[in-house]
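*Asks:* Dropping the structure in here first, questions after.
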Amino acid sequence: MRSLSPLLLVLALAGGPGFAAPIVFSDAGPGAEDIQDSVDGFRDQFSTLNSFTPTNEDPEGRREINWDGVPDSLADPNDFPGDFFNGDVPGRARGIEFKETGDTEGFEVSASSASGVPTLFDEPDEYSFFSPERIFRPKDGSTFDILFFDPLDQTTQALTRGFGAVFTGLEEVDQVILSYYGIDGELLAEESAPPSGLTNLSFLGVVFDEAVVARVSVGTGLIDFDDEPVMDDFLYGEPIPVDLAPVPLPAGLLFGLTSIAGLAAFRRRRPASVSS
């Protein structure tokens with residue numbers, strides 16, 4: 001039986017989850033139709049839109065949030081709880097939570113036109129929506145974390161294959177940066193949402209081969225910048241409980257295996273010594 005060369009052995013071992021580079025979807029334009037292709041391209045990386053029930057759905061599917069299921073009692077001018085979409089009832093069971101970081105003091109969802117409260121946070125000259133009509137933002141700060149949980153029990157940490165979001169009113173490069181982290185806090189990817197201009201829309205999404213993302217941090221690359229990022233639709237891969245998700249090969253181990261393979265190959269090629 002032919003044996004694998006050391007290099008091929010390393011590549012075979014490294015061919016596990018998390019080895020391939022992620023796919024990035026980025027787009028901006030005046031209206032929903034201008035970013036629709038990128039949003040749909042992100043969606044196409046997943047098999048189907050899963051139901052919003054407290055069950056484990058198709059692991060290759062996705063879940064979404066468009067904010068329109070939020071009741072008026074939790075929309076502007078009221079605060080929106082960051083764990084609303086990690087509930088145990090249909091509609092709220094989406095396996096995702098939002099946690100304040102930095103100066104952020106909570107979250108807000110804009111009002112519906114039927115509520116009598118001004119829509120778009122009463123700033124129609126700055127924001128618009130991708131899917132009518134509510135939008136979302138952190139309160140009094142520009143940063144927050146997005147965490148994933150098992151939709152079945154709402155407490156077990158989960159991993160996702162990818163996350164994407166629609167933004168509105170971004171004016172500068174690096175105004176919003178999405179950082180994707182693994183279960184041990186390792187940075188997997190970091191991308192800047194493209195600016196679109198006031199009232200316009202942007203989309204940024206990153207997809208991995210396997211469910212490796214435990215946290216997405218929303219931040220800014222601008223100094224002394226504290227404007228809240230305003231967002232519409234969230235799209236993300238089905239949250240997979242950590243005990244069921246595949247474990248990627250650590251980069252350090254990969255480097256070590258590569259070094260060993262190189263040494264073995266060198267020794268194999270070294271010519272035999274010549275006796276005098």
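The values are calculated or read from the model by the stated rules, or taken from the named source; none is laboratory data. Predicted model only: the values in this text are computed from it and were never measured. All Cβ positions, even for glycine, are placed from backbone atoms using ideal geometry, and neighbour counts span all protein chains on display. Only protein heavy atoms, including side chains, enter the accessible area calculation; ligands, DNA and RNA are left aside. Shrake-Rupley method; radii C 1.70, N 1.55, O 1.52, S 1.80 Å.
*Asks:* From the phi of every residue in region 135-152, what ³J(HN,Hα) in whole Hz does the Karplus formula 6.51 cos²θ - 1.76 cosθ + 1.60 yield, where θ is phi - 60° and glycine or proline is x?
*Replies:* Result, ordered by residue: 10, 9, 7, x, 9, 6, x, 10, 10, 6, 10, 10, 10, 10, 9, 4, x, 6 Hz.
*Asks:* Need one value: the accessible area of residue 223 in square angstrom, 1.4 angstrom probe, rounded to the nearest 10.
*Replies:* It works out to around 150 Å².
*Asks:* Ok, one more. Leaving out ligands, DNA and RNA but keeping every protein chain, what accessible area does residue 100 have, in Å² rounded to the nearest 10, with a 1.4 Å probe?
*Replies:* It works out to around 90 Å².
*Asks:* Place a label point 7 angstrom from the Cα of residue 78 along the Cα-to-Cβ direction, then list the residues of region 114-150 whose backbone nitrogen is under 14 Å away.
*Replies:* Zone members listed by number: 115-117.
*Asks:* Which ³J(HN,Hα) values, rounded to whole Hz and listed in residue order, are derived for region 202-218 from phi using the Karplus coefficients 6.51, -1.76 and 1.60 in 6.51 cos²θ - 1.76 cosθ + 1.60 with θ = phi - 60°, glycine and proline given as x?
*Replies:* Values, residue by residue: 10, 9, 9, x, 10, 10, 10, 5, 10, 6, 10, 8, 9, 8, 10, 9, 9 Hz.
*Asks:* Okay, moving on. Mind listing the long-range amide H neighbours of residue 162? Cut-off is under 5 Å, sequence gap 5 or more, other chains count too, H placed in the peptide plane at 1.01 Å from N.
*Replies:* The answer is 208, 237.
*Asks:* Moving to a separate point now. Amide H neighbours of residue 27 under 5 Å, counting only residues 5+ apart in sequence or on other chains, H built in-plane at 1.01 Å?
*Replies:* Those qualifying (amide H under 5 Å, at least 5 residues apart or on another chain) are 203.
*Asks:* Further, regarding this structure: Under the 0.36 nm per residue contour assumption, what length would be gained going from the current alpha-carbon distance of residue 89 and residue 156 to full extension?
*Replies:* 22.5 nm
*Asks:* Could you sort 49, 147, 178 by accessible area so the largest value comes first, with the probe set to 1.4 Å?
*Replies:* Numbers: 49 80, 147 40, 178 0 Å².
Most to least solvent-accessible, the answer reads 49, 147, 178.
*Asks:* What residues qualify as long-range amide H neighbours of residue 107, i.e. H under 5 Å apart, gap of 5 or more or another chain, H built at 1.01 Å from N?
*Replies:* So residue 107 has HN proximity to 80, 139.
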